[in-house]
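Engineer: Mind looking over this structure? Questions follow.
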Amino acid sequence: AQSVSQHNHHVILSEAASLELGCNYSYGGTVNLFWYVQYPGQHLQLLLKYFSGDPLVKGIKGFEAEFIKSKFSFNLRKPSVQWSDTAEYFCAVSAGNNRKLIWGLGTSLAVNP
Amino acid sequence: EAGVTQSPTHLIKTRGQQATLRCSPISGHTSVYWYQQALGLGLQFLLWYDEGEERNRGNFPPRFSGRQFPNYSSELNVNALELEDSALYLCASSRETKMSETQYFGPGTRLLVL
């Protein structure tokens, strides 16, 4: 069965620190990869997505992610976090022609000012 | 552009009752998806509707059902409620069924089963 794992459940950083959140998936075929974010009191919104082409994807608010097919990974990065990045981050995958999203359990990020 | 809307925001039911949750997609979106976010289990895919047809179904019992109306809005029905059905139910919508389309999420309906 397809699955998505996010390695870090809770991350605490100070402002200006660099961020990398891990995401690995299990599926051998074509995948579409997403990172969603949920800010406190708000609903899920898309940070970035990968479908094809350049494996380094840039999203909103300075986030980027790199698809490494050989490692089945799609890690999220940001060089310098801000207090406003405090949120829950979810990695999701859809496989092949199936539109359903398979989700990781999420990573709660707290950025201290 | 108005986002995905869901109603009600909160719903309290007792075991054995039925719950009906509603979702209105973004204008121009024809696909609607339902997900369950239960505590400790993360987001689980429930149902996908497109053009009025059920396209895919997650690993949930038949008492979870739904439909999509001609205006592309959707209902999720949960029959014979059980305590473990307590969760946040999220609706998402997207344009067409191309793989590149993003799913946009609503605020959710929080269902509590007592």
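Engineer: Within the range A:32-41, restricting attention to residues that are open to solvent by less than 30 Å² (accessible area, probe 1.4 Å) and facing chain B (nearest Cβ under 10 Å), which residue is nearest to A:Tyr89 (Cα to Cα)?
Structural biologist: The selected residue is A:Tyr36.
Engineer: Could you tell me which numbered condition A:Ala65 fails, if it satisfies all but one of (1) in a helix (DSSP H, G or I); (2) small (Gly, Ala, Ser); (3) surrounded by 21 or more Cβ atoms within 10 Å (Cβ to Cβ)?
Structural biologist: In the conditions (1) in a helix (DSSP H, G or I); (2) small (Gly, Ala, Ser); (3) surrounded by 21 or more Cβ atoms within 10 Å (Cβ to Cβ), A:Ala65 misses (1) alone.
Engineer: Next question, about the same structure. Could you identify the single residue in B:Leu76, B:Leu81, B:Leu46 that is open to solvent by less than 10 Å² (accessible area, probe 1.4 Å), at pLDDT 95 or above and more than 14 Å from the chain's Cα centre (by Cα)?
Structural biologist: Working: B:Leu76 fails: more than 14 Å from the chain's Cα centre (by Cα); B:Leu46 fails: more than 14 Å from the chain's Cα centre (by Cα).
Step by step, each of B:Leu76, B:Leu81, B:Leu46 is checked, and only B:Leu81 is open to solvent by less than 10 Å² (accessible area, probe 1.4 Å), at pLDDT 95 or above and more than 14 Å from the chain's Cα centre (by Cα).
Engineer: For the range A:70-113, how many residues meet the condition of being open to solvent by 60 Å² or more (accessible area, probe 1.4 Å) and more than 14 Å from A:Gly22 (Cα to Cα)?
Structural biologist: Number of matching residues: 8.
Engineer: Could you please find all residues in the range B:26-42 being facing chain A (nearest Cβ under 8 Å) and more than 10 Å from B:Ala87 (Cβ to Cβ)?
Structural biologist: Selection gives B:Ser31, B:Tyr33, B:Gly42.
Engineer: Looking at this structure, is A:Val111 away from every other protein chain (no Cβ under 11 Å), outside any loop (DSSP other than H, G, I, E, B) and under 26 Å from B:Gly3 (Cα atoms)?
Structural biologist: For A:Val111, the condition - away from every other protein chain (no Cβ under 11 Å), outside any loop (DSSP other than H, G, I, E, B) and under 26 Å from B:Gly3 (Cα atoms) - is not met.
Engineer: Could I ask something else about it? Restricting to the range B:14-25, give me the number of residues that are touching a Ser or Thr at 6+ places or on another chain (Cβ under 9 Å) and either open to solvent by less than 10 Å² (accessible area, probe 1.4 Å) or closer than 16 Å to B:Phe64 by Cβ (or both).
Structural biologist: 4
Engineer: So which residues in the range B:12-25 are away from chain A (no Cβ under 13 Å) and touching a Cys at 6+ places or on another chain (Cβ under 9 Å)? Break it down stepwise before answering.
Structural biologist: Residues of the range B:12-25 away from chain A (no Cβ under 13 Å): B:12-22, B:24-25.
If the condition is that a residue be away from chain A (no Cβ under 13 Å) and touching a Cys at 6+ places or on another chain (Cβ under 9 Å), then B:Leu21, B:Arg22, B:Ser24, B:Pro25 are the ones that fit.
Engineer: A follow-up question, please. Just a yes or no: is a residue in the range B:84-96 in contact with a Ser or Thr (Cβ under 8 Å, 6 or more places away or on another chain) and surrounded by fewer than 14 Cβ atoms within 10 Å (Cβ to Cβ)?
Structural biologist: yes
Engineer: Could you pull out the residue among A:Leu48, A:Leu101, A:Leu44, A:Leu21 that is within 12 Å of the chain's Cα centre (by Cα) and either within 12 Å of chain B (Cβ to nearest Cβ) or modelled with pLDDT under 95 (or both)?
Structural biologist: Step by step, each of A:Leu48, A:Leu101, A:Leu44, A:Leu21 is checked, and only A:Leu48 is within 12 Å of the chain's Cα centre (by Cα) and either within 12 Å of chain B (Cβ to nearest Cβ) or modelled with pLDDT under 95 (or both).
Engineer: Just to verify a result, which residue in the range A:1-31, among those that are assigned to a loop (DSSP other than H, G, I, E, B) and among the hydrophobic types (A, V, I, L, M, F, W, C), is surrounded by the fewest Cβ atoms within 10 Å (Cβ to Cβ)?
Structural biologist: The extreme case among them is A:Ala1.
The values are calculated or read from the model by the stated rules, or taken from the named source; none is laboratory data. Keep in mind it's a predicted model, so treat the numbers as computed, not measured. We place every Cβ from the backbone using ideal geometry, glycine too, and count neighbours over all the protein chains shown. The area values use the complete protein model at the heavy-atom level, side chains included, leaving out ligands, DNA and RNA. Shrake-Rupley method; radii C 1.70, N 1.55, O 1.52, S 1.80 Å.
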